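Inspection log for the structure reproduced underneath, given as structure tokens.
Coordinate-derived values only; no laboratory data. Just so it is clear, the model here is predicted, and its values are computed rather than measured. With ideal geometry, Cβ positions are generated from the backbone for all residues, glycine too; neighbour counts draw on all protein chains shown.
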Amino acid sequence: MKKDIKFKGQLKLYMQWPMFLIVLLLAMNVAMYVLEKKAGILMSIFVCIYVLVVVILYYYNKQILINELINFATGYGQIQKKLLQELEIPYALLDENGRVIWMNTSFKGVVGKTKDYKKSITNLFPAITKEKLPREEEPVSIHLSLDKIDYRVEMQKILMDHITETVGILEGEDYEGYLIAVYLFDETELNRYIKVNKDQQLVAGLIYIDNYDEVIEGVEDVRSSLLVALIDRKINKCISGLDGIVKKMESDKYFVVMKQVCLEQLEERRFELLDDVKTVNIGNEIPVTLSIGLGVGGTTYLQNYEYARNAIDLALGRGGDQAIVKRKDKIVYYGGKAKQVEKNTRVKARVKAQALRELIETKDKVVVMGHKLGDADSFGAAIGIYRAAKTMNKKTHVVINEITTSVRKLIDGFIDNPDYEEDMFLNSTQAKEIIDNKTLLVVVDVNRPSYTECPDLLHMCKTIVVLDHHRQTTEVIENAVLSYVEPYASSACEMVAEILQYFDENVKLRTMEADCLYSGILIDTDSFVNKTGVRTFEAAAFLRRNGADVTRVRKLFRDDMREYKARAEVVRNAEVYLGAYAISILPQMDLDSPTIIGAKAANELLNIVGVKASFVMTEFNDKIYVSARSIDEVNVQIIMEKMGGGGHQTVAGAQVSGTLKSTVSLLKETLSEMIRKGEI
């Protein structure tokens, strides 16, 4: 049966108002009868005429009004459709699977398709995958480029139940289908202005000549001014060529200002100034090296300058001959290929020794700790500091958790020895219990908080001293009141031996303590073969005068048969990658300290002709330990930094989470990428 079209809502109520007035008139008619009968009759006649007119007009005009409303709605819908079709903003509708249902004219113009196109949006924009389509009611925004135009794509989920509530053509209250509205906003011009603004941002920088004094001493007086002039020319030519400004502050220090776009050019060239300045040679035996620190991305010019100061300090702490760019949340390293030159003067060691003495004087007790899985260098340096503190009658403890094979024979001489306290060695838990405001914490052979024997002590102790010979990374012990980090030193034991000579006239090492310090130097220099300088032998001579015995130390570090076989297996199974990089894995042979054996095996691989660097992977305590070694051709430290580690140019390492197979693959990828970029 055909149903009539009926009004509803506010329009229906509006059309019913005459009926309400009829009720009111009838009430008035009754009242008129009560007051006057003749007047009531007259009123009844008027009411009947009114009712008749209203009924006639209602039924006569109803269809006319409905037709007018339909015509208006139709015209209004056509206007809306036309406006949407001709909208300048590209607009399209997708189904829930990402297939295009409808596009307006602007969207068709962008993608170059007709209205018949019904394929997936991914075919038009590969960046918009099915996984990136909105699944919730919150809009999704994606940035992409098409034909060199940058777009911001806004996608909004439109639930079908909202549509069925408005339009009564579909039924089903629980229907979960939906459409996706897609808008394209052209951001090409905006991005261009953002880039222009970014390129114009200020970059503050500092350039230091690392070895100014050593280079000047190596040339004749009449040539020194020419050497300085040539260095100045190289620096000014490089920076001025990039539209930057250089101001010489001191004989070996320069302040630099440039635009960020100029910094990008320097980074693309990988700071060729570092290598260019080494070509300056007018008879100087030592090549000139620079340290460059640049700060960018700060909210103010002053903050950029502070970033530059932090960067130059980090570059100098890492041994110089490198550029470091510090941004708000990122630090990038360049260079660092030159071998560090040993300082001939001991002034710095004497100053640090006196500062350490003053700090110990103000405290009641001293706690010394090295790095996790301590080795001979870490243990020997700790013993040296122990003796210095005991000379001043301070209660002293050494923190050590796990005794490795490399230190077991050394530590056995102190345990149950009447000359030493029973609580000389503490684990992390015991050390935390004794820390108070009158405790001095000395960290040796490590400058990364996460690598220390007990990182919690760094937060518990207010006065901290750091003595280390490893290059600094972005992770540093920030609250140290005294930091003595010298990357050119062969070992931490060498540094401590020098400090002891200036610490106090009454310092006298016992024979066993001298053996420990000598052992640290011996192991870290691979029997005085690697990273040795004049001061290394002078430190060894000081220890010999204090009773260190070469033969006794050598016997302490002889390998047992299992360890020797493990090293032999590493060498036998080694793979030479790219013709110069020996890579091997330490086999599982129930060794007491596999990481130490891995490091020794890496040294063994360097004896093979053609091997520039060696890498040995060791699985221990659910982690993969990488030992990296080289002689002089490759900087293994920057390779290990790419894998989250660090160390020296010739001795470095890293700890990686994963499997042995994945770590080997990661190492190969890192080597290939760095060779391709010219970093090694």
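Each Lys or Arg adds one and each Asp or Glu subtracts one; over the other residues with Cβ under 9 Å from the Cβ of S657, this totals 0. Sequentially through segment 480-492, phi angles give Karplus couplings (6.51, -1.76, 1.60; θ = phi - 60°) of 6, 7, 9, 10, 10, 10, 10, x, 6, 5, 6, 6, 5 Hz, Gly and Pro residues having no value and appearing as x. Note on V53/R309: beta-carbon distance plugged into 1/(1 + (r/R0)^6) with R0 of 60 Å gives a FRET efficiency of 0.05. The equivalent ellipsoid of segment 594-680 has semi-axes of 19, 16, 11 Å, largest first, where each one is the square root of 5 times an eigenvalue of the Cα gyration tensor. Just the number, please: percent antiparallel of the DSSP beta bridges in the chain, rounded to the nearest 5. Around 70 percent of the beta bridges assigned by DSSP in the chain are antiparallel ones. When L179, L543, L206, L83 are sorted by how many other C-beta atoms sit within 10 angstrom of their C-beta, beginning with the fewest, the order is L83, L179, L206, L543.
Please express the shape of segment 350-389 as an equivalent ellipsoid: the semi-axes are the square roots of 5 times the eigenvalues of the C-alpha gyration tensor, given largest first in whole angstrom. It would help to have the intermediate numbers written out before the result.
Working: eigenvalues 89, 28, 12 Å².
After scaling each eigenvalue by five and taking roots: 21, 12, 8 Å.
Longer than 32 Å from Cα to Cα, which of K438/K508; K278/K462; K555/K668; K253/K390; K508/K642 are they? Say none if no pair is.
Numbers: K438/K508 26 Å; K278/K462 43 Å; K555/K668 38 Å; K253/K390 42 Å; K508/K642 43 Å.
Result: K278/K462; K555/K668; K253/K390; K508/K642 exceed 32 Å.
Where does each of K565, K372 land when they are ranked from fewest to most other beta-carbon atoms within 10 angstrom?
On the way: K565 14, K372 20.
By the 10 Å Cβ count, ascending: K565, K372.
Taking Cα atoms only, the orientation of helix 301-317 departs from the longest principal axis of the chain by about 30 degrees. Seen against the Cα atoms of the chain and their longest principal axis, helix 534-545 is set at about 60 degrees. In this label model, R233 and A580 are separated by 3.2 nm, measuring between points 7 Å along each Cα→Cβ vector. Between the helical axis of 37-85 and the dominant principal axis of the chain, each derived from Cα atoms, what acute angle in degrees is found, rounded to the nearest 10? That helix lies at roughly 40 degrees to the long axis. Rounded to the nearest whole Hz, the Karplus-based 3J(HN,Hα) values (6.51 cos²θ - 1.76 cosθ + 1.60, θ = phi - 60°) of segment 402-408 follow the sequence 10, 8, 7, 5, 6, 10, 4, with x at glycine and proline. Of the residues S120, S665, the one with the fewest other Cβ atoms within 10 Å heads the list, and the complete ranking is S665, S120.
Across the chain the C-alpha pair distances fall into 20 Å bins from zero in the proportions 14, 32, 23, 14, 8, 6, 2, 0 percent. Provide, in order from the shortest bin, the percent of all Cα-Cα pairs of segment 419-569 in each 10 Å bin, continuing until the bin that contains the maximum pair distance. Going out from 0 Å in 10 Å bins, segment 419-569 shows 10, 31, 36, 21, 3, 0 percent. Multiplying the residue separation of Q85 and T279 by 0.36 nm and removing their Cα-Cα distance gives an extension gain of 63.1 nm.
Once the chain from W17 to E36 is taken as fully extended at 0.36 nm per residue, the excess over their C-alpha distance is 4.0 nm.
Other residues whose C-beta falls under 9 angstrom from the C-beta of G547 contribute a net charge of 0, scoring Lys and Arg +1 and Asp and Glu -1. Each stretch of four or more DSSP H residues adds -39500 (n - 2.57); spread over every residue of the chain, this sum gives -14000 deg cm²/dmol at 222 nm.
Using packing as a proxy for protection, rank 187-194, 376-383, 423-430, 150-157 so that the peptide with the highest average count of other Cβ atoms within 10 Å comes first.
Details: 187-194: 12.0, 376-383: 30.6, 423-430: 15.0, 150-157: 17.2.
Ranked by mean Cβ neighbours within 10 Å, highest first: 376-383, 150-157, 423-430, 187-194.
Among residues other than I415 with Cβ under 13 Å from its Cβ, the summed charge is -4 (Lys and Arg +1, Asp and Glu -1). A crude spin-label estimate for the pair E96 and Q430, with each label 7 Å from Cα along the Cβ direction, gives 6.6 nm. With a Förster radius of 45 Å applied to the beta-carbon distance between R562 and I331, the computed FRET efficiency rounds to 0.60.
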